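Colleague: Before I ask anything, here is the structure I am working with.
The values are calculated or read from the model by the stated rules, or taken from the named source; none is laboratory data. Because the structure is a prediction, the values reported are computed rather than measured. Cβ: placed from backbone, ideal geometry, glycine included. Neighbour counts: every protein chain shown.
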Amino acid sequence: MEIRIADAAYVAGLFDGEGSVYYKKLFQKPYKGKKTGHWRWNIRMEISMTDRHVIEWVGNVLKVGQVKERKVNNNGIKGVRKRQWRWRCGFRDALYVAKIIWPHAKTKLHKIEQIIDHYEPRAQELGDNVVDLETERRIRNFDWNVHGS
């Protein structure tokens, strides 16, 4: 699936401003008759905002994840908060999105790279890379002032 560069850059900007990137290892307590818990990765990306149309556009462009209304807690706050909408994806879908927005990300770049690096060896085996990360890293580190613009 092809995504226009302008769309990828816009989604990256939304992530930098309104998004969250989770890359954490959490301890899962025992459940359903299990005697011991285990460690698991929590890998997900999400964008929350009050503009439903933008969130739906993100879902339509990326073709992964889900769009849902986000429950807003009004405990003790005067007036009513606006309704919020959230686009969210996790695990392999997060890898897919991370690779699309990686060349354009700024604020969330470190977390996005953690997701890519987490899956990269497996992605190389499957041949499902969206971008060639080594080439992109060389381009990002290229000093235009030294080599001319």
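Colleague: Please work out which one of (1) outside any helix (DSSP H, G or I); (2) at pLDDT below 80; (3) hydroxyl-bearing (Ser, Thr, Tyr) is the condition THR107 fails and give its number.
Modeller: Among (1) outside any helix (DSSP H, G or I); (2) at pLDDT below 80; (3) hydroxyl-bearing (Ser, Thr, Tyr), the lone unmet condition for THR107 is (2).
Colleague: Further question: Determine whether ALA6 is surrounded by 15 or more Cβ atoms within 10 Å (Cβ to Cβ) and part of a helix (DSSP H, G or I).
Modeller: On the way: surrounded by 15 or more Cβ atoms within 10 Å (Cβ to Cβ): no; part of a helix (DSSP H, G or I): yes.
Criteria not met by ALA6.
Colleague: In this structure, is VAL72 surrounded by 15 or more Cβ atoms within 10 Å (Cβ to Cβ) and either among the aliphatic types (A, V, I, L, M) or in contact (Cβ under 8 Å) with a residue 60 or more places away in the chain (or both)? Show your work before the answer.
Modeller: Working: surrounded by 15 or more Cβ atoms within 10 Å (Cβ to Cβ): no; either among the aliphatic types (A, V, I, L, M) or in contact (Cβ under 8 Å) with a residue 60 or more places away in the chain (or both): yes.
Spelling it out, it is not the case that VAL72 is surrounded by 15 or more Cβ atoms within 10 Å (Cβ to Cβ) and either among the aliphatic types (A, V, I, L, M) or in contact (Cβ under 8 Å) with a residue 60 or more places away in the chain (or both).
Colleague: Taking only region 14-41 into account, find how many residues are closer than 17 Å to CYS89 by Cα, in a helix (DSSP H, G or I) and not aliphatic (A, V, I, L, M).
Modeller: Result for region 14-41: 3.
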